[in-house]
Amino acid sequence: MRVKIAPQGFEREVVYSEDRWRLLKSFRDKAFKIMSEIDLLGVKSFVIGSIARGDVHEDSDIDIVVLDEISINTLFTRIERLGGCSHIDIVMATPSHTPKIYFYLDPSEKIVVSTSFVRLNRVETEFYMFGGMIDREGILRGERVPGVDKRLMLITPTQRGHIESSILGREAEVAKILGISIETVMDRVKTLVKRDLHGRSGVFLKQSFPCDVSLEYVIKDLCRRNKIFRRHMARDNICI
């Protein structure tokens, strides 16, 4: 079902029920277990989106990202210790975006661990901050962070739940609240408004494959077949 953009000026308070607080705890407990295993590699993982903000629902995804540079094979080995994965996607949203890899831990794609093959630029890192992100220590402390959902609503945590308010016309204010650039906020607004009007567009590159297929083989094959993917990967000597 397509998510509709909230009208400019919309604001309301949402008070969580006991069931919703329990649901948030359940999601965070699952995320914490995965993040604890990943962080043993000497990197810091983050859970992003509604689990970071607190506004979860029954169909919320557990979306974990590693922003530090890390060996893809090392991360894959750690995921196998967690029970393995269902399948893997290699994705480039557009020719200018950094290639990313997604490890889906379940067939329904509700639990995913992702990272990038090469270093993210500032805007790509701020993309995660736009939606809200929190590390393992933040979960331990019971923190919730502000972030923007797909309706372009700023979710501001409160003791009773959250305040949700449209960011349209408030882009500069929201950029300051989230600690990101106005350019990133405007880019996300443009993308999500376009999606609201025309539906989700395709991605430049997406390669899906089972977890028992050699990662090295898939990457080398993509390097051979796609010159733009190869150019991105060559920056870190991956396709050479």
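Derivation of every value follows stated rules applied to the coordinates shown; laboratory data play no part. What you see is a predicted model, and the numbers here were worked out from it, not measured in a lab. We place every Cβ from the backbone using ideal geometry, glycine too, and count neighbours over all the protein chains shown.
Note on T125 and R231: the extension gain reaches 36.1 nm, defined as 0.36 nm multiplied by sequence separation minus the Cα-Cα distance. Among H198, I180, H232, which residue has its Cα furthest toward the positive end of the charge dipole of segment 154-240, with +1 on Lys/Arg Cβ and -1 on Asp/Glu Cβ? Working it through, the farthest residue towards the positive pole turns out to be H232.
Figure the gain on full extension for V3 and S201 (residue separation times 0.36 nm, minus the Cα-Cα span) and round it to one decimal in nm.
The V3-S201 span can extend by a further 69.9 nm.
If you run the Gaussian network model on the chain, springs between alpha carbon atoms under 10 Å, then out of R141, R122, R160 the most flexible one is R141.
Computed from point charges on the beta carbon alone (+1 for Lys and Arg, -1 for Asp and Glu), the dipole magnitude for the chain about its Cα centre is near 620 Debye.
Between 0 and 90 degrees, the angle of helix 72-81 with respect to the longest Cα principal axis of the chain falls at about 70 degrees. Which one of P107, T77, L40 has its Cα pushed farthest toward the positive end of the charge dipole of segment 1-119, where Lys and Arg give +1 and Asp and Glu give -1 at the Cβ? The listed residue farthest towards the positive side: L40. Using C-alpha pairs below 8 Å separated by at least 6 residues, the relative contact order for the chain is 25 percent.
Shape of segment 15-96 from its Cα gyration tensor (a ≥ b ≥ c, root eigenvalues): rounded if a/c is under 1.5, otherwise prolate when a/b > b/c, or oblate?
Prolate, since a/c reaches 1.5 and a/b exceeds b/c.
Rounded to the nearest 20 debye, the dipole size of segment 61-173 about its Cα centre is 140 debye, using +1 on the Cβ of Lys and Arg and -1 on the Cβ of Asp and Glu. For M133, neighbours were defined as the other residues whose beta-carbon sits under 12 Å from its Cβ, and their charges (Lys and Arg +1, Asp and Glu -1) total 0.
Using the Cα centre of segment 123-232 as origin and beta-carbon charges of +1 (Lys, Arg) and -1 (Asp, Glu), tell me which of G142, V213, P157 is placed farthest towards the positive end of the dipole. So the residue we want is V213.
Counting beta carbons within 10 Å around each of F117, F229 and listing the fewest first gives the order F117, F229. R0 = 22 Å: FRET efficiency of T158 with S36, Cβ-based, nearest 0.05? Given R0 = 22 Å and the Cβ-Cβ separation, E is 0.20. With 25 Å as the limit, write out which pairs from K25/K194; K150/K176; K25/K190; K110/K206 have Cα-Cα distances beyond it, or answer none. Over 25 Å apart, Cα to Cα: K25/K194; K25/K190. A Cβ-based charge dipole, computed about the Cα centre of segment 99-240 with Lys and Arg at +1 and Asp and Glu at -1, lands at about 480 debye.
A quarter of the convex hull surface defined by the alpha-carbon atoms of segment 21-66 gives 2.8 nm² as the mean projection. Counting neighbouring Cβ atoms within 10 Å and putting the fewest first, the residues S50, S165 line up as S165, S50. Here S71, S116, S181 are placed in order of increasing Cβ neighbour count within 10 Å, fewest first, which gives S71, S181, S116.
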